[in-house]
Amino acid sequence: MWSFVSTWHFSAQATQAGMEILEKGGDAMDAAEAGIRLVESDPEVETVGKGGFLNAKGELELDAAVMDGNTLKTGAVCGVRGFEHPVTIARAVMERTRHNILIGTGAEEFAREMGIEECGMEALIAPNAVEVWKQNLGLGHDTIGAVVLDETGKMVAATSTSGASMKVPGRVGDSPIIGSGFYVESGVGGAVATGLGEDIMRTCCSFRTVDLMRAGLSPQAAVEQVVRTAHETIVKHGGKPDCIALVCMNAQGEWGAACNHQGFTYACANPDCPPKVVEVTPIIDKDA
Ligand code: ASP
């Protein structure tokens, strides 16, 4: 059975595109990349790719990652400027280098060498993102993260984001960091995160979710335990948790989702379930 789950309502278009590939017997990585590229190209999505939120200097720096659950190979890019599809660069890092992560100008040079289309940063900056930057709102951040299972049993995870708005130039969140923003192992499961990267990284949420599924927990039980533990651990050590949300999937294609704040949504589809968007009830409310 194939299955696709991805973070936020805006990923519904990714789920639809992924489904069209998977139901023809297509590859999980092709489905994840095709879906995420659509969201990266959508200027209405203010936190991913074109139209994404700007850093403190008014520049657009993008992060993305992919992981192949069959091989445990991963590729990620951080702080990439002037490329509409960081997920495609991340995939090239995985498939065409010996490395896991490339950053900034090195990632951009690599993308050029690979013939990946470059459009320049200005072409990716939306008027609304400039307005948000001018008003110095410093509020927004969301990621598209997808976990995908194909008919062969291969599982992949992939992410793409502009990170936190008004971030210090060079800041990297959890989304391109293995184990934090994403993790997947075919035969076990996968997880992807969205929320404040600083909090998700210090609690290694995605790897922990997959490890709990490995230990036998259902996707829902695993992801709830991880969000609750992450939240409570930060509190225990004197911190104030920001947004933490994850979706996950086991090797049977079953989903789980949990968050510590209102308003988190995800999109999903499998052969028995046409694409739909689900709103998640928080298990803890960080604002309560
Ligand atoms: N986790 C992303 C980051 O911190 C943003 C988000 O998903 O909300 O860069």
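The values are calculated or read from the model by the stated rules, or taken from the named source; none is laboratory data. Since the structure is predicted, the reported quantities are computational estimates derived from the model, not experimental observations. Cβ: placed from backbone, ideal geometry, glycine included. Neighbour counts: every protein chain shown. Surface areas here come from the heavy atoms of the whole protein model, side chains and all, with no ligands, DNA or RNA. Shrake-Rupley method; radii C 1.70, N 1.55, O 1.52, S 1.80 Å.
The residues in region 185-234 that are more than 13 Å from the ligand (Cβ to nearest atom), open to solvent by less than 10 Å² (accessible area, probe 1.4 Å), among the β-branched types (Val, Ile, Thr) and within 18 Å of Ile283 (Cα to Cα) can be counted, and the count is 4. In the condition set (1) free of Cβ contacts under 8 Å to residues at least 24 places away in the same chain; (2) buried (at least 22 other Cβ atoms within 10 Å of the Cβ), Gly115 is compliant with all but (2). Scanning region 141-158 for residues that are more than 8 Å from the ligand (Cβ to nearest atom), in contact with a Ser or Thr (Cβ under 8 Å, 6 or more places away or on another chain) and either open to solvent by less than 20 Å² (accessible area, probe 1.4 Å) or free of Cβ contacts under 8 Å to residues at least 12 places away in the same chain (or both) turns up Ile144, Ala146, Val147, Val148, Leu149, Met155, Ala157. Of the residues making up region 256-274, those that are in contact with a helix residue (DSSP H, G or I) (Cβ under 9 Å, 6 or more places away or on another chain) and crowded, with 20+ Cβ neighbours inside 10 Å are Gly256, Ala257, Ala258, Cys259, Asn260, Tyr266, Ala267, Cys268, Ala269, Asn270. Among the helices (runs of 4 or more DSSP H) confined to region 1-119, the ones with at least 2 residues that are within 17 Å of Ser206 (Cβ to Cβ) are located at 28-41, 86-96.
For region 244-255, state whether one or more residues are near the ligand (Cβ under 10 Å from one of its atoms), open to solvent by less than 40 Å² (accessible area, probe 1.4 Å) and on the phi > 0 side of the Ramachandran plot. The answer is no; no qualifying residue exists.
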